[in-house]
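Working notes for the structure below.
Read-outs: derived from the displayed coordinates by stated rules, not from any lab. Please read all numbers here as calculations on a predicted model, not as lab measurements. All Cβ positions, glycine included, derive from the backbone under ideal geometry; neighbour counts span all protein chains shown.
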Amino acid sequence: MIWLIAEDDTDILSLVATMTKVWGHTPLTFSNGQQVWDWLDKVDEGTEAAKLPEFALMDIRMPGKKGNELARRIRRTSGLQHIPIALMTAFMLSEAEQNVMRRQDGVDRIIAKPLPEFQQLFGLLTGIIEEKRSGAQQG
C-alpha cells in the first residue's frame, strides 16, 4: 500500500517514512503543502503515471497549502476521493475546528503531536484505514 506523507519538519517526515517502510508500505513523501498540490494537479491532468496512494497522513500547518486544504482537494481528485485522510498537528484545535475539518474538508482523523510511540501509532493509523474501508463497504 502506498501512503502519501506530507510534513514540513524533516525529522518527522523521515521518521514517519521509515516507519511506513517497516510496516510494509511505500511512502510517497512531500515536504510542504504546495508540492502535494502540484502533484495533485498532475493526477488531475492524467500525467502522473505512478500508482496512487491509498492513505494520506499530512501535517495541518505547512508552507504553501495547509493539510485541510489538501484534504478537500483530495476529496475532489479522481481515484483518491475515498482514501482515508489523517492530519497531524502540534497545535490545540477546538472540537468545533476539528468538526469543520471533518465535515467540510473530508478529514477522517486528526492526530495530536507529539506522535504516539511506534506500535501505538501503527495501531492508530491501521485503525483509521480499516474504519474507512468498513464504512465504504457498508455505504
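Neighbour counts of C-beta atoms inside 10 Å place His82, His25 in the sequence His82, His25, starting with the fewest.
Among the trypsin sites (Lys or Arg not before Pro) within segment 2-82, those in coil by DSSP and having at most 16 neighbouring Cβ atoms inside 10 Å are Lys51, Arg61, Arg75, Arg76. Our helix-only sum for the chain, with -39,500 (n - 2.57) per DSSP H run of n ≥ 4 divided by its residues, gives a mean residue ellipticity at 222 nm of -15000 deg cm²/dmol. Computed over segment 2-138, relative contact order equals 21 percent, with contacts defined as Cα pairs under 8 Å that lie 6+ residues apart. Each of Asp41, Asp11 was scored by other Cβ atoms within 10 Å of its Cβ. Arranged with the fewest first, they read Asp11, Asp41. Loop-located GluC sites (Glu not before Pro) in segment 29-110 (DSSP state other than H, G, I, E, B) with a sparse environment of at most 12 neighbouring Cβ atoms within 10 Å are absent.
Remark: segment 78-86, residue by residue, has Karplus-estimated 3J(HN,Hα) of 4, x, 10, 3, 10, 6, x, 10, 10 Hz, where x stands for each Gly or Pro and the curve is 6.51 cos²θ - 1.76 cosθ + 1.60 at θ = phi - 60°. For the chain, the membrane-span-like helix rule (DSSP H, alpha carbon extent of at least 15 Å along the helix axis, mean Kyte-Doolittle at least -0.5) picks out 10-22, 118-138; this says nothing about an actual membrane. Look at where the Cα atoms of segment 40-93 and of segment 99-139 average out, and the two centres are 14 Å apart. Ordered by the number of other Cβ atoms lying within 10 Å of each residue's own Cβ, fewest first, Ile12, Ile60, Ile85 fall into the sequence Ile12, Ile60, Ile85.
Residues whose amide H comes within less than 5 Å of that of Met88, counting only those at least five positions distant or on another chain, are Met58, Asp59, Ile60, Ile111 (H built at 1.01 Å from N in the peptide plane). If you take the alpha carbon atoms of the chain and fit the smallest convex hull around them, that volume is 108 Å³ per residue.
Our estimate of slack between Trp23 and Glu117, defined as 0.36 nm per intervening residue step minus the Cα-Cα distance, is 32.5 nm. Counting lysine pairs in the chain that sit 8 or more residues apart in sequence, or on different chains, and whose Cα atoms lie under 20 Å apart gives 7.
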